[in-house]
1. Could you state, as a whole-number percent, how many of the C-alpha pairs of segment 580-643 are farther apart than 16 Å?
2. Return the Rg/Rh ratio of segment 559-599 with Cα-based radii and a Kirkwood Rh.
3. Based on the alpha carbons, how large is the Rg to Rh ratio for segment 684-729 when Rh follows Kirkwood?
4. Given N residues in segment 250-359, what is Rg(Cα) / (2.2 N^0.38 Å)?
5. Check the straight Cα-Cα distances from Lys428 and name the lysines below 23 Å, setting aside those fewer than 8 residues away within the same chain.
6. Quickly work out the Met79-to-Arg263 label distance, labels modelled 7 Å from Cα along the C-beta direction, and quote it in nm with one decimal.
7. Using 1/(1 + (r/R0)^6) with R0 = 25 angstrom and r between the beta carbons of Asp360 and Asp318, what's the FRET efficiency to the nearest 0.05?
8. Going by average Cβ neighbours within 10 Å, how do the peptides 435-447, 555-567 rank, with the highest at the top?
Amino acid sequence: MKKFTKIMSVLMVLAMVLGMAACGAKTDSTATTAAPAETTAAPTETTAAPVEAVEVPGADATDDELYDYVLGDYYEAYMKALDSMDMSERYALEAIAEAKLLQASVLQPTTTRGGNYAIGRVVPKSICTTLFGSDADRQYSVMVTEELIKAADRDELKKIWAEAEDAAAYMTQAKEYLTSNGYTMKDSYDHINTSDPQTWDVLATYLQADAEPIMQTYDGLMMYDAKNNQVPALAESVEVNDDQTVFTFKIRQGVKWVDSQGRELGDVTADDWLAGMQHMLDAQGGLEWLVDGLIVGATEYMGGETTDFADVGVKALDDYTLEYTLTQSTPYFLTMLGYSIFAPMNRAYFLSQGGAFGVDEFATAKDSSTYTYGTSPDTIAYNGPFRVTSFTEKNTIVFSANDAYYAPERLGVQTLTWKFNDGTDATKSYNDMKAGDVSGAGLNTSTIEMAKTEGLFDEYAYTSETEAISFVAWLNVNRKAYANYNDATLGVSQQTDEQKELAHAALLNVHFRHAVHYSIDRATANAQRVGEELKYNNLINAYVPGDFVKLEHDVTVDINGTATTFPAGTFYGEIRQAQLEADGSHIKAFDVETGLGIGFDGWYNPEVAAAEMAIAVEELKAQGYEISAENPVHLDLANYYGAESFKNEGQAYKQSIESALGGLVVVDIVPFDTAQDWNNATYYPNTGAEMNYDIGTNGGWGPDYGDPKSYLDTILPGSNGMCKSFGLF
């Protein structure tokens, strides 16, 4: 296994900052800018005294040994959570495990997507805003007006949405409101695209940049609509057995597959989901971890213990009856179905494009000159709302309504046009929005003032809602690369061998990692991209949103030896905070009054940072390392210089850390002029050994389904997750 589909480059936030969709996925309870939290912990008086000697893994330590040293407490707590078959108890135990993860300080949550000012023509709430999966990326229901939508009208439309019976009623009522108030509805949506897909095979990619455009071309079994209700798509109904291990779907009849020209290829049948699942398991493109150990026989098939897909728990009982058999009770299974791993695939068309089934057979076929499947939008089959009718790299992708689509009444527009913007011109999206070339634009530090000067801000600007995506800053505890993996002339570190050794030793020390993370003024850094007024709005303090799930019944769990009962309705984040406080952590990751974990900075504390640094200095001295103003720890920060806002953000990191730690740490910025080169240092590498930084601020995660497991699994040991971001596996 390799990676996760929802691993996201921070540059993907440009899709929100540059061009706005209807809204984000998470309803923000702090729509106005939150003030800095007054609850940030006071300077520590209780930090543990330094020990005289610290047993640290040696230079020959394996990745497994380093993982156990750095994240052993998290792993132990998380395994306990996974052993629980009671969902509410498991949520509570997962929260305890995440508290241990945050305290390991290999990662620091930074921001989510959204929370910035925007102006546009996209009707609010006309796209699904569910927190997990891929349905929030589907644009079939988006509604757009010819005119810019006033902020006051947006507020009224949100009220209509809240009261509407269902998504169809909202679409009708929203159109009536808009047309009666002088707006004209458009049949097209002009969307800003910041990254072209590298493949059009949605079942063989881990990249969100690939998945988003392909999502417009197919429907799966079920989907979340604009009211965030899960409704039938290509499954008309589902039956679930008592222990929630067998899910049986009746497939909608009469749905057609077509090619990119709209020519009919055949009917959608239950076999399409068998073909899709087998191809996904054959390709092992980074998606397969989601069903590893979940669907009966999937693990054995991927591992080669069986080569017969008939042994996998995905069956076509007849042409229109599909059955999944799971290894254990999985109440959240239905929440996974909008995700791309459950995409159907037309078997005959795949074979016609040189495809083959079977792990070994596919590997051979893919290397053949006759294999064309997914190499372009002309080599995939469509059953969804749109067909790709034009694709020019780094220019435009045009999606036209599929004439054969079974539910044309769901469509809010007839055409999607994705227009490429690399983000190097900070004012381009704003100017394009004014000209009507794109349907909306986020406002950045440059364009906020332009909008105010030009008289647009007061009447049209609104604050976009935040999502469940967690972007993260990483500390590389096992750095091996000091230049880019694909081009050794790029991203070259200036560290001496002695500085490399000292940085490595320091980053293995948990108190040093605490010192770095507590020293980062994340709000000031964030202000470089979203502006001073909104610098707290999308600031997050944990990996899993605090309100992602809540207990369905009372649960009693052990918090450091004390049996603690949390009542039904308790948010996940409240339990996580209880464990953090019991451990004496200074992280404030949850606060109902200030936004459940978003909208304030619960990490920044220069005095605690200095105290933690003092402990680290003593512990490293016992290991034979001197840290002083004359011999500081040098840390490389990989920084994108192609956009002024990212460059300024890097400078904010540098100044904050160096100031708080009194010259004992020097942050050396390693600049990258292009987004591609920065991504090659910090995002695209397949292994931890290829990650080229000490501090990395690129990468994040969006959940696939409605369980915190969707986040926490990414920090399990192995090459199938986010561990590569802190240098392991």
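Where a number appears in this text, it was derived from the coordinates with a stated rule and is not lab data. Quick caveat, the model's predicted, so the values are computed rather than measured. Here the Cβ is made from the backbone with ideal geometry for all residues, glycine too, and neighbour counts use every protein chain on show.
1. Working: 1354 of 2016 pairs.
Taking all Cα-Cα pairs of segment 580-643, the fraction more than 16 Å apart is 67 percent.
2. Numbers: Rg = 10.7 Å, Rh = 10.9 Å.
Ratio of gyration radius to Kirkwood radius for segment 559-599: 0.98.
3. When Rh is taken as the Kirkwood radius, the ratio is 0.99.
4. Working: Rg = 14.1 Å, N = 110, 2.2 N^0.38 = 13.1 Å.
For segment 250-359, the normalised Cα radius of gyration is 1.07.
5. Result set, ordered by chain and number: Lys150, Lys186, Lys394, Lys419, Lys452, Lys535, Lys647.
6. 5.6
7. Working: r = 30 Å, r/R0 = 1.20.
Calculated transfer efficiency: 0.25.
8. Numbers: 435-447: 21.8, 555-567: 13.7.
Averaged packing, sorted descending, gives the order 435-447, 555-567.
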